[in-house]
Amino acid sequence: MSNTWTFKDDIGAEPGAVVGYEVEATDGKIGKIDVASHDADNAHLVVDTGWWIFGKKRLIPAGVVTGIDSQSETVQVNLTKEQVKNAPDWHDTHGPGGADDWHQPYDAYFGPMSGSTR
């Protein structure tokens, strides 16, 4: 079992500079990474879904990242497009420096990640 807020050790590459990378759900592309955090127990990606769900941004916890391909600049996640679409909205007030309980809606939605989809 892995932590929802920590990148897995076997994702294929370092989760370094992935801002701008395309994000692929299990059933297709969902957008590009707008923000990437690698903080201990707080690692996540903010994905700009662009045209797909009307310019919404979605937070993706690091625990759902299954691979990073630096050559194709793609990050794979273990979520479907529908799961991303139904995830809580991202607001700039969330995250470090925001409300103390900013994890709560994401923890409630994503739950503990164990390598399988919700």
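Every number in this text was worked out from the coordinates using simple rules, so none of it is lab data. Here the structure is a predicted model, which means the values were calculated and not measured. Reconstructed Cβ throughout: ideal geometry from the backbone, glycine too, with neighbour counts over all protein chains shown.
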For region 1-70, what number results from the quotient of the Cα radius of gyration and 2.2 N^0.38 Å?
-> 1.04
5 angstrom amide H check on Val35, placed H, neighbours 5+ away = Val46
Virtual spin-label span in nm between Asp69 and Asp27, 7 Å along Cα→Cβ | 2.0
Region 22-110, Cα convex hull volume normalised per residue, Å³ | 91
Please identify the GluC sites (Glu not before Pro) of region 17-91 that satisfy two criteria: DSSP loop assignment and at most 14 other Cβ atoms within 10 Å. Which are they?
-> Glu73
